[in-house]
Amino acid sequence: MRGEGKGEREEEEKRTQKTTTLDEKTLMKKLEDIVGGVESVEGVETDDKGEVLMHAIAQDYKTGEVLMLAHMNKEALRLTLQTGKAHYWSRSRRKIWRKGETSGNEQIVKDILIDCDGDAILLKVEQKGGACHTGYRSCFYRRLNGEIVSEKVFDPAEKYGKQRKESVK
């Protein structure tokens with residue numbers, strides 16, 4: 001088996017690299033195309049301003065590992081497209097947050113896909129550090145019976161200044 005050459009790595013980087021030079025008009029058109037029909041879908045969740053919230057799945061762009069599920073409104077998606085870093089809507093804090101703004105465990109967006117119904121987003125990301133606030137690489141670190149199937153990659157107390165509660169929903 002031969003190793004991946006420098007040229008192949010550069011091609012892969014170019015192919016998966018996020019473009020962040022969209023002008024505002026193009027950006028808004030993309031957003032409207034993405035969320036255009038979602039408002040009319042019955043039972044779709046909205047934020048405190050009545051804006052549509054879309055499920056957003058973060059997936060490792062190289063391995064395919066599912067890292068987390070969060071929500072995005074139009075502004076979070078706009079910021080993600082504009083900066084190339086994942087932004088989400090926090091339902092509990094009722095505000096937009098950039099992944100890694102406190103912990104440094106940011107997500108560099110390599111690609112964005114939308115599902116067939118236009119109501120869910122898949123972010124293919126390069127994850128810096130762990131994605132889960134509990135210290136694991138992925139939020140999906142345990143089985144239904146509670147068995148831990150992963151190891152912690154960071155100490156939440158060091159990142160957040162206090163121990164964050166591991167919530168079971």
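The values are calculated or read from the model by the stated rules, or taken from the named source; none is laboratory data. This structure is a prediction, so every number in the text was calculated from the model and none was measured. Heads up, the Cβs are rebuilt from the backbone with ideal geometry, glycines too, and the neighbour counts pull from every protein chain shown. Side chains included, ligands, DNA and RNA excluded: accessible areas come from the protein's heavy atoms. Shrake-Rupley method; radii C 1.70, N 1.55, O 1.52, S 1.80 Å.
In the range 67-169, with Lys and Arg counted as +1 and Asp and Glu as -1 at Cβ, which of these residues, THR102, ILE121, GLY135, has the Cα nearest the positive end of the dipole, that is, farthest along it? It is THR102, whose Cα lies furthest towards the positive end.
Each label point was placed 7 Å from the Cα along the Cα-to-Cβ direction; for THR63 and SER90 their separation is 2.7 nm.
At a 1.4 Å probe radius, which order do LYS99, LYS62 fall into by accessible area, largest first?
Numbers: LYS99 15, LYS62 150 Å².
Solvent-accessible surface, decreasing: LYS62, LYS99.
Evaluated on the range 52-109, the Kirkwood hydrodynamic radius is 11.6 Å, with distances taken between all distinct Cα atoms.
Only alpha carbons enter this Debye calculation for the range 78-169, each as an equal point scatterer, and the log10 of I(q)/I(0) it gives at q = 0.13 Å⁻¹ is -0.51.
Rolling a 1.4 angstrom probe over the protein heavy atoms with all chains in place gives the range 49-119 an accessible area of 46 Å² per residue.
Sort 104-110, 146-152 by the packing proxy (mean of other Cβ within 10 Å over each peptide's residues), most packed first.
The packing order, highest mean first, is 104-110, 146-152.
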